[in-house]
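Comments concern the structure below.
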């Protein structure tokens, strides 16, 4: 792909560069916040439903989280960098969790290590129901860590970094 046009001007990719997203409603910008509108488990089950609790009138992301002593349903805000959650029992701050689909109980794949604490990993949720790693939303599996990123068409679209010190 050329980086300059015929007149020597730099070609800046347009938003349609992210054509691999599959569905234009997977990720939206809503009131200046990044909103994930569709999310799937590795088996293609939807994690977002109107029957889920809502955050700012948008349905939450439903997952099952398991720590050392607790396994429970957790509803995450669909807005990136919004730490609101609905759950019944608090996990220990920084506890490393395993995250599962609430419908088929399949564990979400670990995508990459995260350095907020020892053992922390980014866990991949899919923006399409075909489990394509080119279009994913990743969150850190350490309870309380705000780190996340959106990977669209093989490129980082947006990212939130951890704001607390690394713990080993």
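Would you please name the residue that is nearest to the chain's Cα centre (by Cα), looking only at residues in the stretch 104-120 that are in contact (Cβ under 8 Å) with a residue 12 or more places away in the chain and surrounded by fewer than 15 Cβ atoms within 10 Å (Cβ to Cβ)? Can you show your working first?
Of the stretch 104-120, the ones in contact (Cβ under 8 Å) with a residue 12 or more places away in the chain are 104-106, 108-112, 114-120.
This time we only want the ones that are surrounded by fewer than 15 Cβ atoms within 10 Å (Cβ to Cβ), so: 104-106, 112, 115, 118-119.
On the way: 104: 19, 105: 18, 106: 16, 112: 13, 115: 17, 118: 20, 119: 19 Å.
Ranking the qualifying residues of the stretch 104-120, first place goes to 112.
Do we find a residue being part of a loop (DSSP other than H, G, I, E, B) and closer than 20 Å to residue 55 by Cβ anywhere in the stretch 119-134? Please lay out each step first, then the result.
If we filter the stretch 119-134 for residues that are part of a loop (DSSP other than H, G, I, E, B), which is where we start, we get 119-120, 127-134.
From what is left, the residues that are closer than 20 Å to residue 55 by Cβ are 127.
Within the stretch 119-134 (the criterion being part of a loop (DSSP other than H, G, I, E, B) and closer than 20 Å to residue 55 by Cβ), the answer is yes, since at least one residue qualifies.
Quickly run through the stretch 135-160 and pick out the residues that are at pLDDT below 85 and over 13 Å from the mean Cα position of the chain (by Cα).
Step one: list which residues in the stretch 135-160 are at pLDDT below 85, which gives 151-160.
153, 154, 155 - these are the residues of the stretch 135-160 that are at pLDDT below 85 and over 13 Å from the mean Cα position of the chain (by Cα).
Of the numbered conditions (1) free of Cβ contacts under 8 Å to residues at least 40 places away in the same chain; (2) within 23 Å of residue 34 (Cα to Cα); (3) part of a strand (DSSP E or B), residue 150 satisfies every one except a single condition; which is it?
Result: residue 150 fails condition (1) only.
The values are calculated or read from the model by the stated rules, or taken from the named source; none is laboratory data. This one's a predicted model, so the numbers in the text were calculated from it and none came from an experiment. Note that each Cβ is placed from the backbone with ideal geometry, even for glycine, and that neighbours are counted across all protein chains shown.
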